[in-house]
Structures are given as structure tokens and as C-alpha cells.
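Peer 1: Starting off with a structure, shown below.
Just so it is clear, none of the values below were taken in a lab; they were calculated from the coordinates. In this text the structure is predicted, and so the values were computed from the model without any measurement. All Cβ positions, even for glycine, are placed from backbone atoms using ideal geometry, and neighbour counts span all protein chains on display.
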Amino acid sequence: MLTSLTAPALLGLFMATALLVALTDWRLNLAALAGLFACAAILLAQITLWQVVAVRLLVGLLIVVILALTGRATQFGLALSPCFATTRFTIPTGFPFRVMALTLVSLAAWYTANQPALALPGLSSDLNLASYLLMGLGLLNLGLSEEPLNAGVGLFMLLGGFQLFYFAIEPSLAIVGLLAAVELGVALVVSYLATLWYMPAEESA
Amino acid sequence: MPAPLIFLVVPAIAALGVYLTSRRRWLATGLAAGSAALLGLLAVTIPLDETWLGLSLDSAWTILGRTLTLEPVDRLGLAFIFVQAALLFLAARLVEPNRFFLPLGLLILSLLSAALFVQPFVFAALFLELASALAVFLLADERHRVTRGALRFFVFMTLGMIFILVTGWLLEAIKSSPEDATLTRRATLTLAIGFAIVLGVAPFHSWLPVVAEHAPALSTAFVLTVMRVPAVLLVMQFLNTYPWLSQNPAIERVLTLAGGGMALLGAVFVVSQRNFGRALGYVMMLDIGATLLGLGLGTVAGTEAALTALALRGIALTAWGLGMEQLRGAARASGRQIDPDHFDAWRGLGRRQPWAAATVVLSLLSLAGFPLTAGFPGRWALLNQLAQIHPTSALFLLFGTASVGLVCARGLAALITPLATEPELEPASTLRRWLSENKLVMVAYSLLVLVILLLGLFPQWLLPAVARTASFFIAPLP
């Protein structure tokens, strides 16, 4: 049954990462991030125990909650936006560039995943593609933004891609626990830095 | 009772105590500095695998299939981490530090201890990453809202962790098929990239000047001293554990190239600085370059020089942090509406804050290995070695020292030249008033300056301990 879900999960993963790279609106990005964690968990279920998948899902849920609370406290980053009054989703200024970069990195990830010499060990071709895609687009997102939440999303994508590969070769529970702690640490760091980034000037004194 | 548990649990309990007593600054500082100093002392004196004070102390502790072991090689590194942290915690009493500095600093010590103890030691990368996450809270706060440096630091540490973990898996694969040259090449490459990122080797150095310029000065000192030691010790442990790695001439070439490159870049970038914060970032590039060049020599003398630089960096950075906090505070209080770290903002401040100004300048000179300062003996020993094997790298280091000297001269000139709009101060009365208002601060500055100068004159006080640590890493291989 899980194998039949691979293709939809891979497609969902690509759509979620594409949204995370192409758009910078927190509200949409949080939903995309939740989708990314769910799709990654379905893919992960093929190579590891269900308990590990459950831990990953729980950690993902906690991360989304932490970031949603941060978003609420900072008005989803709209306080510093020139169109503060609006609640409509807006397209970021570098949208065409982001889409072009997204396409190029996705093609590079697809090409790399299909090279036998560069295939990650212990993974099927679908998981190879998912891992390269997440790591590549995560790095792209890190390069595109120094705003803490968008950069943080890049870190989650990078770590997600790495874990897909790493859990296949190192399934020990201690490592699963420590990597979960690392992800929660990233969420707290992103939340803290985003709060400082969007803090009104008068509160900073 | 497992001995590693003491170094993991005591800092965590002390952190809780410090957090609860944070309103009483003397008590919180005393608790943080006292517990760190006590653990530093215990690190070198605690007997292992025998009974001590009625407790049976085991050197190893197994948890979830991983072992945490306190080995003789870890003792001095551990002691250095805790003593250096104690010094910084004490300094925090004299300035207004980041509000998380003491409690999170203690928690970071606990994680760094775990990084030193964990076996297989590649998993140290996970503990270093967790420590980096906590360090972000020290590097930015409501008064230091530029998050760029803290974010870059954290992103680079995360990338470094990924590469080191992949190396760990490749090393396991090499054990099962040692004749596979491809695996060896890949492991060497991922290890080199991982450590280049963690140590801040160019082009992964961009967080260094930003953190040094925008983060609280004592937090910067904490990250650049206490948190760097386990990373450097980890590199040395890798080189010592895997013969195919330490005997690979390519590794020495890579270390020399990276070290020389860092020294040259640090020297070139620092010379144009008009800001003591950014200047420190580039001085640290020079210092990291010197450490890598020492390790790249592959000799006991080279390793000793690298460890000496690492050990003496702490005193100079504590002095820099204390002086910078004081000068930044004075620049802010004077209401000058410019970058508070820029030399123009500090014009004339040396007359009002003479000890802070002297300490900042002296500490930068010490970090650059200037003669008569604590940084000189290690740098001189390294230059002697390099002059015979890699003279170009020695020249880069000398160029760096000269560049830092130039920046310090320029900064000193700004510090002692008053603004034309400010009333002329009568130096003797200003100094008398400052001394009466800042007795404790003056004692701290005097002690730090004295130690920097004395260790420059009598390095033999410290060198035997450094040589003992170096001998663990360059032990003859079986």
C-alpha cells in the first residue's frame, strides 16, 4: 500500500517545496511546510520503522505549531510590509527569478538522482530524487533569503532531505532522537530570530 | 557512578539555579563561575575507574547504544572549556551581558562535554549542533537585533554537522572494505568540507565578521573560544584515529592551503577596517589560519603551536569582550548617531575609558601574535617551523600581524583624539574620577592585561600542559 503512495507523496513533496521556494508569504508557507512533513513521512515509512515515522510526524507538527505561534505574534511578517493593511496573498518581487532558480535546481536534482555513481545508498530511485530535491531546494532557499523564517524553512528542507538518506543507513534510535532534538532546536532558533527581526523599533531599546 | 554524568548534569543543574537567581546578579555570577571553575578543576583531578570520596567512578556510561567516555585525552580540553567559561562568566558581572548568557552558557558547557565524551566520536557533530542552537540565543537579543550573523553561524554549523555525519557513515563503510579507494577519497572530501564549514574556513567564514560586529562582545568571545575547542580537538582526534587520513600527504597539503589562505584573507581584509568589532572577525580568520597551519605540519611542535594559540586565545578574547562592552556602552551613552563600533564613534573615548581602550588594543595585538603579548610564544614557535617548510605561509602570518598592528594604531589614534566639539578634559582629574567609580572593573582590566603580558614573557608556565595534550594526538601509531 505504501509503495502505491510513493508517486503521490513525491508529487506532493515537490509541490510543497516549490511553494516554499517560490512564495514568501508565511501563511501559505506554513501550510506548505505541514504538507512537506506529511509527504516526507510517507516516503520515510518505506525505509524505516513506523515508530520513527511517528516521531518525525510529531516533530513536524510541533515545528509547524511553533512557527504558527511565532507568525501570529509577529503578524505573519506583515508589520514590516509596505501593504500592511491587506490580508490578501501577494506575489514576492523576485518571483520570476525564484521560479527560474527552482526549475534549474529541480532539474539538477533529477539529473543527479538518476546518475548511478551519485545515487544515495539504500534508497530507491524515488527516494533518491526526493532526498536530492529537498537538499537542493533547501540550499537554494537558504541562499535566497536572510529573513529568519524563510531561511529556517530552507534549513528544514535541507534536514528533511538529509534524514531521508541518513535514516536508511543509520537507523539507531539514539540518532533518531538527537536529530529530532536538532530539528526542534532549529524551530526555536528560527522562532527567536524571527521575533527579533519583526520586533518594532521602540521595543528594542 | 559514571564520571561523564557529572559534567553533563552539574552544569544543567547550575543553569537552573542561575536562571532562578538571575535577579541577584552576584549570586548568579558566583554560581555560574564557581560551578564552571569547579568542574574545570575536577576535569584534571578526578580519578577514573576507582573509588573517590566514597563514590565508585566509572570512566564510561552507555546510553541508548552509545557510549560516553571520559578519556585522558579529553581531560585538558574539558578543563580548558570550563575554566575559560568561568572567566567569561566572571567578566559578565562587570558589564550588562545578554540575559541568557549565564544559564544558556552553562547548558552549552554540558552539550560540549557530551561532544567530547561521545563514542563513536563522529556523533559529536550532533551535540555541537545543539550547542550552536543555544549559542544563537547568546548572539542576538533585544539590544543586538541584527540577526544576520547568528543565522549564518547556525546555518553553517548545520551544514557542517551533515557533512561530518556522512563522513561517519563512510568511515564505517571503509572498515568493511578498506581497499576501496573511492570510499577513502569520498570520506576525506566530506570530512574536509565538514570541518572547513565548522571551523569557519573561507568561503564559509562570512559569519565571523558579522557576529564580531553585531553580537554582544562577551557572547562573541564565548563562541570563539569555548565553542571552538571541541571542534579543533575533534579534527585532531580524526587525524589521530585513522592512519590512512593522517598519513595521507593530501591532508597536510589541504590543511596548509586552507591555513595559508585564511591567514592571507584575514591579513588583506583586516587592514582596511575602521571598526574594532569587524577587525576581530578578520583577526580570528588569521588565528584559525595559524591553527590549521600548525596542524598541517603534522609534527608535535606544530600541534603544540596550534594548541598554544587555542589555549591563549581565551584570555585575549575575554579582555576584548570586556573592553568592547565598556566602550560600546560609552559610545551609546555619548549619543553619537553613528555606527557604535566605528572608530569615528569612539573618537576621544580613550580619554574617558583608558583601561577599556588599552585592553581592547592589547587583546587584538595578542590575538595577532604581537611580541610581548600572550599570543606571541605560540606564533613565534609556529613561524620558526613554517619558515623552514612553508615560508610563504609564514610571510602571510607576518603580514597579518603587521596589518593588525596598523589597525590598532589607527584605532588608538581615534580613541585618544577628542572631538573638536567636546570640551577638553583635564587628564589627571578624569583618570582619578574614573578610578574611583570603577574600582572593580579596573582590577579586572589590570589582571587581564597583566596575564596577557606575563604569559608573553613567561610562556613556560603554560607550555608543559599544552605539550602534554599535544602528545596524546601525535602518539606513535600501532
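Peer 1: Pop a pseudo-label 7 angstrom from the Cα along the beta-carbon direction at both B:SER56 and A:SER172 and give the gap in nm to one decimal.
Peer 2: Label at B:SER56, label at A:SER172, 2.6 nm between them.
Peer 1: Could you give the dipole magnitude of region B:192-335 about its Cα centre, charging the beta-carbon of Lys and Arg +1 and that of Asp and Glu -1, in debye to the nearest 20?
Peer 2: That gives region B:192-335 a dipole magnitude of about 300 debye.
Peer 1: Percent of Cα-Cα pairs more than 32 Å apart in the protein assembly as shown, please. List each step's numbers first, then the result.
Peer 2: Values: 121811 of 232903 pairs.
For the protein assembly as shown, the fraction of Cα-Cα distances above 32 Å is 52 percent.
Peer 1: Across peptide A:152-158, how many C-beta atoms of other chains are within 10 Å of each residue C-beta, on average? Provide the component values of the computation, followed by the final result.
Peer 2: Numbers: counts 3, 0, 1, 5, 0, 0, 4.
Mean shielding count: 2.
Peer 1: Modelling each spin label as a point 7 Å along the Cα-to-Cβ direction, I'd like the B:ALA402/B:TRP461 distance in nm, to one decimal.
Peer 2: Modelled inter-label distance: 3.2 nm.
Peer 1: Turning to a different aspect of this structure: Using a Förster distance of 22 angstrom, determine the FRET efficiency expected from the C-beta separation of B:SER272 and B:ILE416, and round it to 0.05.
Peer 2: For B:SER272 and B:ILE416, the calculated efficiency is 0.55.
Peer 1: Further question: Could you size up the charge dipole of the protein assembly as shown around its Cα centre, putting +1 on the beta carbon of Lys and Arg and -1 on that of Asp and Glu, and report it in debye to the nearest 20?
Peer 2: Dipole of the protein assembly as shown, to the nearest 20 debye: 1120 debye.
Peer 1: Which percent of Cα-Cα pairs in chain A sits in each 10 Å bin, short to long?
Peer 2: It works out to 9, 35, 35, 16, 5, 0, in whole percents.
Peer 1: Report, as an integer, the average count of C-beta atoms from other chains found within 10 Å of each Cβ along B:147-159.
Peer 2: Mean inter-chain Cβ contacts per residue within 10 Å come to 5.
Peer 1: I would also like to ask the following. Under a point spin-label approximation (7 Å from Cα along Cα-to-Cβ), what is the A:ALA73-A:ASN114 distance to one decimal in nm?
Peer 2: 4.6 nm
Peer 1: Of A:LEU142, A:ALA101, A:LEU179, whose Cα points farthest to the positive end of the dipole of region A:3-204 (charges on the beta-carbon: +1 Lys, Arg; -1 Asp, Glu; origin at the Cα centre)?
Peer 2: A:ALA101
Peer 1: Roughly speaking, what is the stretch gain from B:THR299 to B:GLU96, that is 0.36 nm per residue apart minus the C-alpha to C-alpha distance, in nm to one decimal? Mind showing how you got there, number by number?
Peer 2: Details: separation 203, 0.36 × 203 = 73.08 nm, distance 4.32 nm.
Extending this stretch completely gives an extra 68.8 nm.
Peer 1: I'd like the FRET efficiency for B:LEU48 and A:ALA31, computed as 1/(1 + (r/R0)^6) with the beta carbon distance as r and R0 of 56 Å, rounded to 0.05.
Peer 2: Working: r = 53 Å, r/R0 = 0.95.
That pair, B:LEU48 with A:ALA31, gives E of 0.55.
Peer 1: Given charges of +1 on the Cβ of Lys and Arg and -1 on the Cβ of Asp and Glu, with all other atoms neutral, how large is the dipole of region A:3-204 about its Cα centre, in debye to the nearest 20?
Peer 2: On the way: 5 positive and 8 negative charges, 67 e Å.
Here region A:3-204 has a charge dipole of around 320 debye.
Peer 1: Got a sec? Which residues in region B:263-300 would a label at B:ALA409 touch, if it sits 7 Å along Cα→Cβ and we count backbone N under 18 Å?
Peer 2: B:267-276
Peer 1: Given R₀ = 45 Å, FRET efficiency for B:LEU257-A:MET100 by Cβ-Cβ distance, to 0.05?
Peer 2: 0.80
Peer 1: Let me ask something additional. Bins of 20 Å, beginning at zero and ending with the bin holding the largest distance: percent of Cα pairs per bin for chain B, please.
Peer 2: All Cα pairs, binned at 20 Å, distribute as 25, 58, 16, 1 percent.
Peer 1: Next question, about the same structure. Please report the relative contact order for chain A, taking Cα pairs under 8 Å with a sequence separation of at least 6, and give it as a percent rounded to a whole number.
Peer 2: Value for chain A: 25 percent.
Peer 1: Return the average number of partner chain Cβ atoms within 10 angstrom of each residue Cβ along peptide A:175-182.
Peer 2: Values: counts 7, 1, 2, 10, 4, 0, 5, 9.
Whole-number average of other-chain Cβ neighbours for A:175-182 is 5.
Peer 1: Choose one of B:LEU365, A:TRP26, A:PRO116: the residue whose Cα lies farthest towards the positive end of the charge dipole of the protein assembly as shown (beta-carbon charges +1 Lys, Arg; -1 Asp, Glu; about the Cα centre).
Peer 2: B:LEU365
Peer 1: Additional query: Which peptide among B:31-38, B:182-189 comes first, and what is the full order, when sorted by highest mean count of other Cβ atoms within 10 Å?
Peer 2: By packing density, highest mean first, the sequence is B:31-38, B:182-189.
Peer 1: Subtracting the Cα-Cα distance from 0.36 nm times the residue separation, let me have the gained length for B:TYR19 to B:ASP344 in nm, one decimal. Walk me through the numbers before you get to the answer.
Peer 2: Working: separation 325, 0.36 × 325 = 117.00 nm, distance 3.80 nm.
Working it through step by step, the gained length comes to 113.2 nm.
Peer 1: By how many nm would the segment from B:THR182 to B:ASN248 lengthen if fully extended, with 0.36 nm per residue of separation less the alpha-carbon distance?
Peer 2: Residue separation times 0.36 nm, minus the Cα-Cα distance, leaves 22.3 nm.
Peer 1: Please list B:278-287, A:126-135 highest first by mean number of surrounding beta-carbon atoms within 10 Å per residue.
Peer 2: Listed from highest to lowest mean packing, they are B:278-287, A:126-135.
Peer 1: Out of every Cα pair in region B:1-134, what percent are spaced more than 25 Å from each other?
Peer 2: Tail of the P(r) past 25 Å holds 25 percent of the pairs.
Peer 1: Translational D (Stokes-Einstein, µm²/s) of region B:203-277 at 10 °C and 1.306 mPa s when Rh comes from the Kirkwood sum over C-alpha pairs?
Peer 2: Result for D is 108 µm²/s.
Peer 1: If contacts are Cα pairs under 8 angstrom and at least 6 residues apart, what is the relative contact order of chain B in percent?
Peer 2: 14 percent
Peer 1: Oh, and also: Place a point 7 Å from Cα of B:SER334 in the direction of its Cβ. Which residues in region B:265-298 have their backbone N less than 11 Å from it?
Peer 2: Zone members listed by number: none at all.
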